[in-house]
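Everything below concerns the one structure shown next.
The values are calculated or read from the model by the stated rules, or taken from the named source; none is laboratory data. Bear in mind the structure is a predicted one, so any value in this text is a computation, not a measurement. Every residue, glycine among them, receives a Cβ derived from its backbone with ideal geometry; neighbour counts consider all protein chains shown. What goes into the accessible areas is simple: the full protein's heavy atoms, side chains included, and nothing from ligands, DNA or RNA. Shrake-Rupley method; radii C 1.70, N 1.55, O 1.52, S 1.80 Å.
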Amino acid sequence: MPEQLYDRTSRLCAWDDLDPPLRAALQAEAEPLGDIAAVMVGCVETRSVPRRRPGVLSRLLGGGPLRASRTAVVLLPRHLLVAVTDVRTGTTSACSGRLGDITVTEVDQRLAVDSGVSVTTRWSDSSEASSLHIGLGDDPAGASFKGILRHAVRAAKSS
């Protein structure tokens, strides 16, 4: 069984409590959607810290060093917003997807031990559907947000 690569800690939070670079990236991504704070259904911020450096073989095969990151995920009535900041470089990127087009799957524990989810959709920065791993803590906040996300996706697909 593979070992866990990251220690992740999640916290449910309000819009104003988000890390400022994450909040700014999400705001820019969601500008056409209006006032995020007024319609936000849920919000989680996760801090991911690598447990160890990848081995020599992994680095030779193209796997670079694991990096610490901060991730914010905001759930709106019809959209999911995701922003990630690389802690070392300070670079932040954001994307969004429509809930009705999203598929949420658990991480295959035979391949990687992780408490996050994989979300597949046509993200705002892509013309084709792709999968994005969203790291969530193996804690009450991460589990709660995972449940809220699954419920929102089911509701969007049934309406």
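I want to verify a result. In a Gaussian network model of the chain, Cα cutoff 10 Å, which of these has the top mean-square fluctuation: 75, 33, 12?
For the chain, modelled as a Gaussian network with Cα springs under 10 Å, the answer is 33.
At a 1.4 Å probe, what is the % contribution of carbon and sulfur to the accessible area of the chain?
Answer for the chain: carbon and sulfur cover 53 percent of the accessible area.
Full extension from residue 88 to residue 7: what is 0.36 nm times the residue separation minus their Cα-Cα distance, to one decimal in nm?
Result for the pair: 27.5 nm of gain on full extension.
Rounded to the nearest whole Å², what accessible area per residue is found for the chain with the 1.4 Å probe?
On a per-residue basis, 55 Å².
Given points 7 Å out from each Cα along the Cα-Cβ axis, report the residue 98 to residue 158 separation in nanometres with one decimal.
Distance between label points: 2.0 nm.
Between residue 116 and residues 5 or more places away or on another chain, which pairs have amide H atoms under 5 Å apart, with H built 1.01 Å from N, and which residues are they?
When sequence neighbours closer than 5 places are left aside, the close amide H contacts are 136.
Tell me which trypsin sites (Lys or Arg not before Pro) from segment 66-100 have a DSSP coil assignment and no more than 11 other beta carbons within 10 Å of their own.
In loop regions of segment 66-100 (DSSP not H, G, I, E or B), the sparsely surrounded trypsin sites (Lys or Arg not before Pro) are 88.
Once amide H atoms are built 1.01 Å from N in the peptide plane, which residues 5 or more positions from residue 5, or in another chain, come under 5 Å H to H?
Those lying under 5 Å, H to H, from residue 5 are 113.
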